[in-house]
Amino acid sequence: MFQKSYSEGVGAGFPLTQNIRYQLAKTRVDDLFIKWLTIPQTQKLVHQLIKDVREGKQNNLITQPNAFFTNKMTMSGMSQSALLSSPNKKSQGPSTPPRADSFHEIKQRIPEDLSQSLTQSQIIQKKLYVDDVQNYDLVPQFYFPTQEINLQLQQEQNKIINEIFGKTENIDANHFEQITTNLCGLCKYLTRILMTAVEGTSNKISKTAFIKYWNQQLSQKEPKQRCFHILKKAKNDFIQFDDFKPFMKILLEQHPGLEFLQATPEFQERYAETVIHRIFFQLCRKDNNKITWRDFKSSNLFDILDILGKEDDINKIRQYFSYEHFYVIYCKFWELDGDHDFHISKEDFSRYSSHGLSRKVVDRIFDQVPRRFRSQIDQKMSYEDFIYFILCEEDKTTIQSIEYWFKIIDLDDNGIITGFEMDYFYEELKQRMDYLNHEPILFHDFVCQMVDLLHPENDILFKLSHFKQNLTVCGVFFNFLTNLNKLIAYENRDPFQVRNDIVDHPDFTDWDRFAFQEYVRLAMEEENQEQGEVFEGDIIWDNEDSKQ
């Protein structure tokens, strides 16, 4: 029954897929045929066949091209045992059967019990089959699974190379940028990195060296594979943190949206560090400082790099490269780092979000339960650790964030969040709400709501898979147990304002909305501070004028 319904579904519901398959197969055959025609043995055979036709010679490969199929249909009188004893069977002799020159020789190789059932026409058909099999052996190999080349594409690529290099052997980075974008399909800011990979220097590149590198390393790869290949070290099959530093240095030097940072090298370094950490947060799922090809392929980093090469406003590229997002992260860290040693203590960290996080959550984070600190100082959070935390805290709809907060709530690390563990974290927030004379939310009501939204198999037993299947609910669940300010804000939210925020920026993530709002707030505070300083300066000048 399953096979019948499946066949009916394919025939009735997927006509477009079959058409696409046909087009792909046809293109495949055309490519293989072109490849076959370019082989010297094939060209020699074709010239010989054309010569035979002009001289009037007969050739079974031309006169009887379908002899094999005709023979297969007309030999209806042959039994299965006769087919197994045919001369082209490998176990009966050499792979190429001996040629029969006459009808009698063929008849001698046919068993006596079978020769009586064969007519003379059937035996002649068998002779034609033997002749054609021998001729088919003259056809050289035309399928090369490891060296498939689209000749038309190769011609277009060679044309681009010749046009850009022209008659000169060496060109500089400005001219080579066309090779990077038009031929390789890469971001223009990868030009110098590609030149360094080819020549070892980014000053000039020779045509000979590039063609050699192109044929050996890049021609058979897709643009995304080329990007991965250029970014990583030649000896590795993964990208590490330091591999992005040359690219970020070039980006800071050449991108129009980052020119204002050239006067402040310290902020250039922090911006580059922040961008790379954001890339690894998103791509490096194992958190081992290694971005594999599988991680790179499944991400959108290549597409973002392509946009980066075309967009002059860096803040429009919200993923990874936005300067406004870097500004928010850095200022948030600087506010907590009281002694400005670029490390945060537990007491400093507890002031995040106006002491919104519960003490139990702070303890779990500094016990390094959700993620081991990269800081070299014991019980101190580094800038990298803070970036990872703030990205998880302000956007709880990502897989990384869900795993981070799930580990915090899962006290016994058994992969299940129980009602006891939820109550353990909620108890502290309830006490703080009582202290602030805020009407507490009934724990029972919250649990019932989460059960209705997450649909666990057993009541109050939430697994990680439940959250990954319902990403929009995760923020409410974890905020209820970890952050007092976000819990109260959610209870007092204005549904119309929430809807307007979504309508105004439908493509914004939770992190994008947070960064946008915080950047506006920080910009207003800085502007008010500057106005205050100007106002104080005016008062000083007025007092001096009055004394005179």
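The values are calculated or read from the model by the stated rules, or taken from the named source; none is laboratory data. No experiment lies behind these values; they were computed from the predicted model shown. With ideal geometry, Cβ positions are generated from the backbone for all residues, glycine too; neighbour counts draw on all protein chains shown. Each accessible area value is taken on the protein alone, full model and side chains, heavy atoms only, with ligands, DNA and RNA left out. Shrake-Rupley method; radii C 1.70, N 1.55, O 1.52, S 1.80 Å.
Pairs linking a residue in region 186-215 that is more than 30 Å from Asp312 (Cβ to Cβ) and among the β-branched types (Val, Ile, Thr) to a residue that is assigned to a helix (DSSP H, G or I) and open to solvent by less than 10 Å² (accessible area, probe 1.4 Å), with Cβ atoms under 7 Å and 6 or more positions apart or on different chains, are Ile211/Ile161.
Being of a type in the set (Ser, Thr, Tyr), farther than 16 Å from Leu391 by Cα, crowded, with 16+ Cβ neighbours inside 10 Å and under 29 Å from the mean Cα position of the chain (by Cα), is that true of even one residue in region 313-332? There is no residue in region 313-332 that is of a type in the set (Ser, Thr, Tyr), farther than 16 Å from Leu391 by Cα, crowded, with 16+ Cβ neighbours inside 10 Å and under 29 Å from the mean Cα position of the chain (by Cα).
Looking only at residues in region 412-440 that are acidic (Asp, Glu) and closer than 13 Å to Leu487 by Cα, the one that is modelled with the highest pLDDT is Glu428. Applying the criterion of being open to solvent by less than 20 Å² (accessible area, probe 1.4 Å) and more than 16 Å from Lys297 (Cβ to Cβ) to the residues of region 207-236, the residue that is farthest from the chain's Cα centre (by Cα) is Phe210. Of the residues Asn470, Asn479, only one is touching a residue at least 60 places away in the same chain (Cβ under 8 Å), open to solvent by less than 70 Å² (accessible area, probe 1.4 Å) and closer than 26 Å to Gln282 by Cβ; which? The conditions single out Asn479.
Can you tell me which residues in region 166-184 are closer than 20 Å to Pro223 by Cα and not hydrophobic (A, V, I, L, M, F, W, C)?
Answer for region 166-184, where residues must be closer than 20 Å to Pro223 by Cα and not hydrophobic (A, V, I, L, M, F, W, C): His175, Glu177, Gln178, Thr180, Thr181, Asn182.
Restricting region 237-267 to residues that are over 29 Å from Asp287 (Cβ atoms) and in contact (Cβ under 8 Å) with a residue 12 or more places away in the chain leaves a set whose member that is least open to solvent (accessible area, probe 1.4 Å) is Gly257. Taken together, the residues in region 291-312 that are within 8 Å of the chain's Cα centre (by Cα) and in a loop (DSSP other than H, G, I, E, B) amount to 2. Taking only region 198-212 into account, find how many residues are on the phi < 0 side of the Ramachandran plot and not in a helix (DSSP H, G or I). Adding up the residues that qualify gives 6.
One residue stands out in region 171-197 among those that are open to solvent by less than 30 Å² (accessible area, probe 1.4 Å), of a type in the set (Val, Ile, Thr) and assigned to a helix (DSSP H, G or I): the one that is farthest from Leu305 (Cα to Cα), namely Ile179.
Is there a residue being among the β-branched types (Val, Ile, Thr) and open to solvent by 20 Å² or more (accessible area, probe 1.4 Å) anywhere in region 365-382? For region 365-382, residues among the β-branched types (Val, Ile, Thr) and open to solvent by 20 Å² or more (accessible area, probe 1.4 Å): present.
Could you tell me which residue of region 268-290 is most open to solvent (accessible area, probe 1.4 Å), considering only residues that are part of a helix (DSSP H, G or I), over 25 Å from Ser202 (Cα atoms) and of a type in the set (S, T, N, Q)? Here the residue is Gln282. Those helices (runs of 4 or more DSSP H) of region 462-512 in which 1 or more residues are closer than 19 Å to Val362 by Cα and either in contact with a Gly (Cβ under 8 Å, 6 or more places away or on another chain) or at pLDDT 90 or above (or both) occupy 471-482, 484-491. Going residue by residue through region 375-391, is there one that turns out to be without any contact (Cβ under 8 Å) to a residue 12 or more places away in the chain and not in a helix (DSSP H, G or I)? Checked region 375-391: at least one residue is without any contact (Cβ under 8 Å) to a residue 12 or more places away in the chain and not in a helix (DSSP H, G or I). Looking at this structure, is Ile39 among the aliphatic types (A, V, I, L, M), at pLDDT 80 or above and open to solvent by 50 Å² or more (accessible area, probe 1.4 Å)? It is false that Ile39 is among the aliphatic types (A, V, I, L, M), at pLDDT 80 or above and open to solvent by 50 Å² or more (accessible area, probe 1.4 Å). Taken over region 135-168, the criterion of being charged (D, E, K, R) and either assigned to a helix (DSSP H, G or I) or modelled with pLDDT of 90 or more (or both) is satisfied by Glu156, Lys159, Glu163. Could you check region 206-240 and list, in sequence order, the residues that are in contact with an Asp or Glu (Cβ under 9 Å, 6 or more places away or on another chain) and over 21 Å from Glu156 (Cα atoms)? Hits for region 206-240 are Leu231, Lys232, Lys233, Asn236, Phe238, Ile239. The single condition among (1) open to solvent by less than 10 Å² (accessible area, probe 1.4 Å); (2) more than 30 Å from Leu283 (Cα to Cα); (3) not hydrophobic (A, V, I, L, M, F, W, C) that Ser401 does not satisfy is (2). Answer yes or no as to whether Phe247 is assigned to a helix (DSSP H, G or I), farther than 16 Å from Cys184 by Cα and modelled with pLDDT of 95 or more. When the stated conditions are applied, Phe247 passes them.
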